[in-house]
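S.K.: My questions all concern the structure below.
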Amino acid sequence: MNWNFKLIYESNDLFYKDLDKIDYLVNEILKLKGKLNTFEGFKNYNLLNRDLEKIISKAYTYASMKYDLDQRNQSSEKDYALIYNKYNQAMSKLSWVDPELLKIGEDVLNDFIDKSKELKPVKKKIKTLFRMNKYVLDEKSEEIISYSEEAFQKFNELYDKLCVVDQKPKLIKLSNKEKILVDTSSYTYYLENLENQNDRKKVFEALYSYYDFHKATLAQIYDGILSSENALKKSRGFDSILDMYLYPNEINKLVYKTLIDTAKNNTKPLKRYIKLRKKALGLKTYHTYDRMRYITTSKKEYSYEEAKRLVLEADKFMGEDFYKKALFVLEDGRVSVLPNEGKRSGAYSTGTYDDGPFILLNYKNSLNDVFTLAHEAGHSIHTCYSNDAEPFEIANYEIFVAEIASTFNEQVLLDYMLNNTLDNNEKIVLLENSINNLISTFYRQILFADYELIAHELKEKGEPITEDVLSNIMIDLYKKYYGINLEKEILKKYVWAYIPHMFHSPFYVYQYATSLAASLAIYEKIKSHDENAYNNYIELLKSGSKDYPLELVKKAGVDLTKKDPYISLINRIDELVSELEKLI
């Protein structure tokens, strides 16, 4: 139950040969410097660049997958560093391209594109380049920035070394005298399954004590990332770091602000759910480490094979072609299932254009793991649709759209499981799981998005970024969103250090919430047999990045600049809480 790397490269030697091809292709493109103003020069550049990006994508995916299976493995780390350095070197050597294209002019380049079918896929790229024109610097400045980005990446690597490679499992003794090892991969499993609240507290503190011990270093790493972003923002002339991240994909800032304001002003369902859980679990006080514990005493576990069967059966609802793609993405060799020491925590879907998608899991037999499988399978099915329908240049969909397919697939699974069980306890668990997922994806991610905005704005104002500053932001936000006082938990305020996305993918997590709102709206339209809803959704999956994300979602029937989709999702959470209340 692990990846078959031969699906990408038959041997590691072929990986190294592709590294040599990268050098060759970069040198071939360098010969075209000063010649992009001719049709032949522009065409040859784009064909060479397509091959270059394909090889870099394939080699990077292969090396990063091997590294993620065991980040202690020095050979895998070396290969990962090799391709990462190759990529940075290539970007530095080719930093002249965009400034040269900008000098030629958009109309001339579009005339070149109209002369050749092979060039049509780059039309959106050219459009985006000229949208970004005022933020693209001269050739020498772009070269300097490309060198700097390699140095900035070191902050991310430092975080991984400290929180993945150096972090070791911690041995604790439970109330029943049993000894267990707690690490990032086992953490959620124990919080779900341990009945004794004090045991859950011990598990929580075993993990979070590590972030407490390293809080000063972690705050400095995060400050380094914020400083790097602020430097890049100033260099390019953006009004804010948020603008810098939203502008390339034409995401209206109104989406971000509307999302935060709507969630923050409508927390009643969230607080009502916490109150219900506190009563149902018989707790005198409710803490964040209680949020994963199920109300029922169901001990049901789901083997990976059972989870796979459930996901596949559920996906039959979406038709034969969708089901065939689900079968493909869950084939043996495409899913890394079980956790192990050194393996990257969490789950994701990755892949290459020619070799298809791959899924990483840390599967522990819980119901949550079943839904994680559905989530990542949704991403991979999306990849299949996009790769089949679009050329390489525009097949890679944007993050903003990506989470629609994954959360949609979770909704399909939930309905299938609710409709196929007569067990009242299992229905309660399913409802709980659904509410928990909706809250985690909506309220929790928006809270983190709120935190990111506050932290970045502090950096832009020149305010100090310390562990106390970051922790106090979290204390304030947990009080506003959840009504929970983190001062009574002490260590939870270091949640900013626990979330890798904060360090690796700034202004990423808000898209979980926007995508969830969109996917739920689309799914309800399909279930209600709204005219063209199904076809519009499949068309969205096929679209890759041929248009800007907001427009693609709007074509599928949802306008995310308005608060209506978010209010509908909040109402859905409220309805599920009421349904759960009746069942228990």
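S.K.: Step through the residues of segment 464-477 one at a time and calculate ³J(HN,Hα) from phi using the Karplus curve (6.51 cos²θ - 1.76 cosθ + 1.60, θ = phi - 60°), rounding each to whole Hz and writing x for Gly and Pro.
M.R.: Once rounded to whole Hz, the list reads x, 10, 10, 4, 5, 4, 5, 5, 5, 4, 5, 4, 5, 5.
S.K.: Rounded to two decimals, what ratio of Rg to Rh does segment 44-90 give with C-alpha atoms and a Kirkwood Rh?
M.R.: Across segment 44-90, the Cα-based Rg/Rh ratio is 1.09.
S.K.: What FRET efficiency comes out for Leu281 versus Lys78 if R0 is 35 angstrom and r is the Cβ-Cβ distance? Round to the nearest 0.05.
M.R.: 0.15
S.K.: Please count, across segment 463-535, the pairs of lysine residues with Cα atoms under 29 Å apart that sit 8 or more places apart or on different chains.
M.R.: So the count of such lysine pairs works out to 6.
S.K.: May I pose another question? Would you mind putting 508-517, 118-127, 418-427 in packing order, based on average other-beta-carbon counts within 10 Å, highest first?
M.R.: 508-517, 118-127, 418-427
S.K.: May I pose another question? Identify all lysines with a Cα-Cα distance to Lys177 below 20 Å; exclude those on the same chain that are fewer than 8 residues away in sequence.
M.R.: Straight-line reach from Lys177, under 20 Å: Lys201, Lys202.
S.K.: I would also like to ask the following. Listed here are the pairs Lys6/Lys33; Lys168/Lys300; Lys93/Lys343; which of them are more than 32 Å apart at the Cα?
M.R.: Pairs exceeding the cut-off: Lys6/Lys33; Lys93/Lys343.
S.K.: So, one more: Run the reach check for Lys582 against aspartates and glutamates, Cα to Cα strictly under 16 Å, same-chain hits fewer than 8 apart removed. What comes back?
M.R.: Partners found: Asp423, Glu426, Glu432, Asp574.
S.K.: Rounded if a/c is under 1.5, else prolate if a/b is larger than b/c, else oblate: which is segment 225-383, with a ≥ b ≥ c the root eigenvalues of its Cα gyration tensor?
M.R.: Oblate, since a/c reaches 1.5 and b/c is not below a/b.
S.K.: A further question on this structure: Checking the a/c ratio against 1.5 first, then a/b against b/c, what shape does the Cα gyration tensor give for segment 464-518?
M.R.: Cα axes put segment 464-518 in the oblate bin.
S.K.: Could you sort Arg344, Arg334, Arg572 by their accessible area in this structure, using a 1.4 Å probe and putting the largest first?
M.R.: Largest accessible area first, the residues go Arg344, Arg572, Arg334.
S.K.: Provide the solvent-accessible area of Lys479, counting protein heavy atoms only and rolling a 1.4 Å probe, rounded to the nearest 10 Å².
M.R.: 110
S.K.: Right, another one. Using Cα positions and a limit of under 14 Å, work out the aspartates and glutamates in reach of Lys427, with same-chain residues fewer than 8 apart set aside.
M.R.: Here the aspartates and glutamates satisfying the reach criterion relative to Lys427 are Asp415, Glu579, Glu581.
S.K.: Leaving ligands and nucleic acids out of the surface, order Lys582, Lys562 by accessible area at 1.4 Å, largest first.
M.R.: Lys582, Lys562
S.K.: With the Cα gyration tensor of segment 483-584 giving a ≥ b ≥ c as the square roots of its eigenvalues, does the rule (a/c under 1.5 for rounded; else a/b larger than b/c for prolate; else oblate) give rounded, prolate or oblate?
M.R.: Here segment 483-584 falls in the oblate category.
S.K.: Using the structure shown, list the pairs from Lys54/Lys563; Lys134/Lys562; Lys170/Lys268 with a Cα-Cα distance above 32 Å, or answer none.
M.R.: Lys54/Lys563; Lys170/Lys268
S.K.: With a cut-off of 17 Å, note down the residues of segment 392-423 whose backbone N falls inside the zone around a label point 7 Å from the Cα of Lys300 toward its beta carbon.
M.R.: Output list for this probe position: 411-423.
S.K.: Over the chain, what relative contact order in percent results from Cα pairs under 8 Å that are six or more residues apart?
M.R.: Across the chain, relative contact order equals 17 percent.
S.K.: Percent of accessible area on the chain owned by carbon and sulfur, 1.4 Å probe?
M.R.: Answer for the chain is 48 percent, counting heavy atoms of protein chains only.
S.K.: Still on this structure, I have one more. Helix 533-542 versus the longest principal axis of the chain: what is the Cα-based angle in degrees, 0 to 90, to the nearest 10?
M.R.: The two axes meet at around 50 degrees.
S.K.: Something else about it: What are the ³J(HN,Hα) couplings of segment 394-399, residue after residue, when phi is run through the Karplus curve with 6.51, -1.76, 1.60 and θ = phi - 60°? Round to Hz, x for glycine and proline.
M.R.: For segment 394-399, the Karplus curve yields 10, 7, 7, 6, 7, 4 Hz.
S.K.: Ok, one more. What distance in nm separates the two pseudo spin-label positions at Leu171 and Ile490, each 7 Å out from Cα along the beta-carbon direction?
M.R.: Calculated label separation equals 2.3 nm.
S.K.: So which of Lys257/Lys461; Lys35/Lys123; Lys299/Lys325; Lys21/Lys234; Lys316/Lys542; Lys124/Lys316 end up more than 28 Å apart, counting from Cα to Cα?
M.R.: In this structure, Lys299/Lys325; Lys21/Lys234; Lys124/Lys316 exceed 28 Å between Cα atoms.
S.K.: Pick the calculated Rg and Dmax of the Cα atoms in Å for this structure from (1) 26.8, 87; (2) 24.2, 77; (3) 22.6, 68?
M.R.: (2)
S.K.: Order these peptides, 247-259, 532-544, by their mean beta-carbon neighbour count within 10 angstrom, highest first.
M.R.: Peptide ranking by packing, descending: 532-544, 247-259.
S.K.: Protein chains only, probe 1.4 Å: how do His214, His504 rank by accessible area, largest first?
M.R.: His504, His214
The values are calculated or read from the model by the stated rules, or taken from the named source; none is laboratory data. Every value quoted in this text rests on a predicted model; they were computed, and no experiment measured them. When we count neighbours, we look across all protein chains shown, and the Cβ atoms used for this are built from the backbone with ideal geometry, even at glycine. Surface areas here come from the heavy atoms of the whole protein model, side chains and all, with no ligands, DNA or RNA. Shrake-Rupley method; radii C 1.70, N 1.55, O 1.52, S 1.80 Å.
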